[in-house]
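Contents: one structure, followed by commentary.
The values are calculated or read from the model by the stated rules, or taken from the named source; none is laboratory data. In this text, all values refer to a predicted model and were calculated from it rather than measured experimentally. Glycine also receives a Cβ, built like all others from the backbone with ideal geometry; neighbour counts cover every protein chain displayed.
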Ligand code: HEC
């Protein structure tokens, strides 16, 4: 029981730390390309539920103009607009998001777009 309370407290702390991230994610318009919960839209990558470090690393790379796809030029100004503390807050927020994308058929994974799925 004590152990359970401990994890509950940790969880509550994580949630409050991520609400600043949520505010930034919405006010900076990130949701317009990556989805309300970071679930990803079409070619725009899914961010929800990914590792905090990975998300922060990707944003740092984009700030230096390094991206993965031909659409990176859209993302670079958004990455550059973020301060270090904002990157941290947003990465935390996104890594705690767990949208159940299987229930929304309008969402496509990169594999589906590239025709690589075995449907
Ligand atoms: C105009 C559309 C658009 C907006 C708005 C946008 N992004 Fe992106 N984002 C992209 C695209 C396109 C990529 C893929 C970039 C690449 O080629 O590596 C991307 C990539 C990313 C990545 C790296 C994901 C990966 O798998 O490499 C992160 C993290 C990210 N965006 C976070 C954000 C945040 C935080 C915001 C708001 C401050 C934001 N994005 C706003 C289009 C957008």
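Quick one: is residue 29 modelled with pLDDT of 95 or more, under 13 Å from the mean Cα position of the chain (by Cα) and either part of a loop (DSSP other than H, G, I, E, B) or under 16 Å from residue 99 (Cα atoms) (or both)?
yes
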Neighbours by Cβ (under 7 Å, 6+ apart or cross-chain): first from the stretch 61-74, without any contact (Cβ under 8 Å) to a residue 24 or more places away in the chain; second part of a helix (DSSP H, G or I) and loosely packed, with under 13 Cβ neighbours inside 10 Å: 63/80
Extreme residue, farthest from residue 82 (Cα to Cα), among residues of the stretch 46-64 that are crowded, with 17+ Cβ neighbours inside 10 Å and within 10 Å of the ligand (Cβ to nearest atom): 46
Please go through the stretch 63-75 and pick out each residue that is within 14 Å of residue 44 (Cβ to Cβ), in contact with a helix residue (DSSP H, G or I) (Cβ under 9 Å, 6 or more places away or on another chain) and in a helix (DSSP H, G or I). 72, 74, 75
Modelled with pLDDT of 95 or more and over 18 Å from residue 53 (Cα atoms), is that true of residue 95? no
Consider only pairs whose beta carbons are under 6 Å apart and that are at least six residues apart or on different chains; among these, list those whose first residue lies in the stretch 11-32 and is at positive phi and whose second residue is more than 9 Å from the ligand (Cβ to nearest atom) and modelled with pLDDT of 95 or more. none
